[in-house]
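Each remark here refers to the structure printed beneath this line.
The values are calculated or read from the model by the stated rules, or taken from the named source; none is laboratory data. Please read all numbers here as calculations on a predicted model, not as lab measurements. Virtual Cβ from ideal backbone geometry, glycine too; neighbours counted across all protein chains shown. What goes into the accessible areas is simple: the full protein's heavy atoms, side chains included, and nothing from ligands, DNA or RNA. Shrake-Rupley method; radii C 1.70, N 1.55, O 1.52, S 1.80 Å.
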Amino acid sequence: MSDCSDVPGWSWRTGHAGFGCAMFAHVAWLVTLALLLAVTAQPVAAQIAPRLTGEVAIRELDAASVALAARAAGQPGTSLDAASRQLKALAVSLHESLGGDIGKPVETIGGEPRARVLRAHAAALRTQDFLKSCGACTGVDGGATAAALAAGIDALAKAGQVAKLVPVIDTVETLDHRPLFAVRQGGKSSGLALNGVNLADTQCADPRITATDAGGRPLASQPTLIGVLATRLELHWPEVATLPAGPVVLHVVPQHKVFLLGCTTLPEATATFQVTPPVHFAVAYELSASCASGQTVLGRGTMPTIEGYGSTATRAIDTASCTAPRSYTVTATVTPGGSDPVSVGPITQSADAAITAGLPGGLILSWNPMVKTLFVRSGASLCKGVD
């Protein structure tokens, strides 16, 4: 604390300003202390996730079930509603089976209840990935991603093999860590990754991985294991985008080192994704103009088929029948491959203004009266769960 010798009017002999200065310094010290205590008293949020228990897994399942049911309402005809009900049933079954182990960390409970908790947690994680990455998936993509999720949940719910150590696949990703539910035929995908627990033991041989169709028949093309951790397997698969459309099931059989017994084979873990056909769009259009003689149709027909994303189709329009238009009106109907048609419009703009409209599937339609051309362009895919 300062001795106040630098305060005007202070004198060691008279002590004029001494009392006031000492009081000021004391108050300042108390204020500083109060501020420090206020800062240190602020609650500190945990920086790591809580340990996995049955209670945690049940809360995850309940939340996932509610969110998936809400998503299912917007995607009728898919398997999302059934998947939501299965998540709820899994939560109820887990609660009934755990008994006194429900609040214990998963590492401290027996083999069978541990397997149940791990698989329930995996079902919740896979659902969370779906909700984050597949919100804009429609048509064939929406059906494929929903089917992949439902198949994965079903496999986890019905897995029957129980051992002291059980491998479980939580999530399927691209190699750059994006959730993956489907691969598009003809796309650029050349590999994927599986995340989970007990997927490998570095003291043993690499896990055996087999790709089959939904009926268990091995596919002509098989992945190659290029990265191995107990919690992550990375697969190189340059032919994955050439596989037949439909479900693909990955079967992973790891080994585990047991003292005095060597490496033993663990039960199988599975993961499912879908292969979807190449995307294409058919766009029917009608362009009319408001002319002196009334509304005149200038062009009607179908744009050239749009193949894939990032492509453009054009159609020149002859406007000679309306030399002095007051406005233009365009209507379009989009039919994504394998989906029902959706109409947009009519959209009207003055004759000196361009028309730009968003179409289903991420398409953009534009009419430019200066160049007398109708354009339709496919942008980037909005369905992030398909690679």
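Consider the stretch 239-269 and keep the residues that are in contact (Cβ under 8 Å) with a residue 24 or more places away in the chain and β-branched (Val, Ile, Thr). The one that is farthest from residue 353 (Cα to Cα) is 253.
Checked against (1) open to solvent by less than 10 Å² (accessible area, probe 1.4 Å); (2) over 24 Å from residue 185 (Cβ atoms); (3) touching a Ser or Thr at 6+ places or on another chain (Cβ under 6 Å), residue 240 passes all but condition (2). For residue 116, state whether it is under 11 Å from the mean Cα position of the chain (by Cα) and within 16 Å of residue 269 (Cβ to Cβ). For residue 116, the condition - under 11 Å from the mean Cα position of the chain (by Cα) and within 16 Å of residue 269 (Cβ to Cβ) - is not met.
Of the residues 216, 186, the single one that is in contact with a strand residue (DSSP E or B) (Cβ under 8 Å, 6 or more places away or on another chain), on the phi > 0 side of the Ramachandran plot and part of a loop (DSSP other than H, G, I, E, B) is 216. Considering only the stretch 128-150, I want to know if a residue exists there that is out of contact with any Lys or Arg (no Cβ under 6 Å at 6 or more places or on another chain), at pLDDT below 95, open to solvent by less than 10 Å² (accessible area, probe 1.4 Å) and part of a loop (DSSP other than H, G, I, E, B). Yes; the residues of the stretch 128-150 include at least one that is out of contact with any Lys or Arg (no Cβ under 6 Å at 6 or more places or on another chain), at pLDDT below 95, open to solvent by less than 10 Å² (accessible area, probe 1.4 Å) and part of a loop (DSSP other than H, G, I, E, B).
Here is a yes/no grid of residues against (1) free of Cβ contacts under 8 Å to residues at least 24 places away in the same chain; (2) within 28 Å of residue 129 (Cα to Cα); (3) crowded, with 20+ Cβ neighbours inside 10 Å:
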position	(1), (2), (3)
271	no, yes, yes
278	no, yes, no
282	no, no, no
316	no, no, no
337	no, yes, no
347	yes, no, no
351	no, no, no
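Whenever a residue of the stretch 285-304 is closer than 11 Å to residue 317 by Cβ and surrounded by fewer than 17 Cβ atoms within 10 Å (Cβ to Cβ), it has no partner that is modelled with pLDDT under 85 and among the small types (Gly, Ala, Ser) lying with C-beta atoms less than 7 angstrom away and at least six residues away or across chains. The set of residues in the stretch 201-222 being without any contact (Cβ under 8 Å) to a residue 60 or more places away in the chain, open to solvent by 20 Å² or more (accessible area, probe 1.4 Å) and within 26 Å of the chain's Cα centre (by Cα) consists of 209, 210, 213, 222. Candidates are the residues of the stretch 257-269 that are open to solvent by 30 Å² or more (accessible area, probe 1.4 Å) and assigned to a loop (DSSP other than H, G, I, E, B); the one that is nearest to residue 243 (Cα to Cα) is 268. From the residues in the stretch 172-190 that are among the charged types (D, E, K, R) and open to solvent by 30 Å² or more (accessible area, probe 1.4 Å), which one is nearest to residue 380 (Cα to Cα)? Result: 188. Screening residue 231 against (1) among the hydroxyl-bearing types (Ser, Thr, Tyr); (2) modelled with pLDDT under 95; (3) exposed (fewer than 15 other Cβ atoms within 10 Å of the Cβ) leaves a single unmet condition, (2). For the stretch 232-244, indicate whether the set of residues that are within 21 Å of the chain's Cα centre (by Cα), more than 23 Å from residue 67 (Cβ to Cβ), among the small types (Gly, Ala, Ser) and assigned to a helix (DSSP H, G or I) is non-empty. Yes - at least one qualifying residue is present in the stretch 232-244. Restricting attention to the stretch 73-91, the residues that are in contact (Cβ under 8 Å) with a residue 40 or more places away in the chain, over 11 Å from residue 146 (Cβ atoms) and either buried (at least 23 other Cβ atoms within 10 Å of the Cβ) or touching an Asp or Glu at 6+ places or on another chain (Cβ under 7 Å) (or both) total 3.
Determine whether the stretch 38-55 contains at least one residue that is modelled with pLDDT of 90 or more and within 23 Å of the chain's Cα centre (by Cα). Yes, that holds for at least one residue. Residues in the stretch 359-377 that are among the hydrophobic types (A, V, I, L, M, F, W, C) and open to solvent by 50 Å² or more (accessible area, probe 1.4 Å): 364, 370, 371, 375. What about residue 387, is it among the acidic types (Asp, Glu), open to solvent by 30 Å² or more (accessible area, probe 1.4 Å) and under 28 Å from the mean Cα position of the chain (by Cα)? Yes.
Residues considered: 384, 372. Of these, the only one that is closer than 30 Å to residue 216 by Cα and of a type in the set (Lys, Arg) is 384. Residues in the stretch 105-119 that are part of a helix (DSSP H, G or I) and not aliphatic (A, V, I, L, M) were compared, and the one that is nearest to residue 169 (Cα to Cα) is 119.
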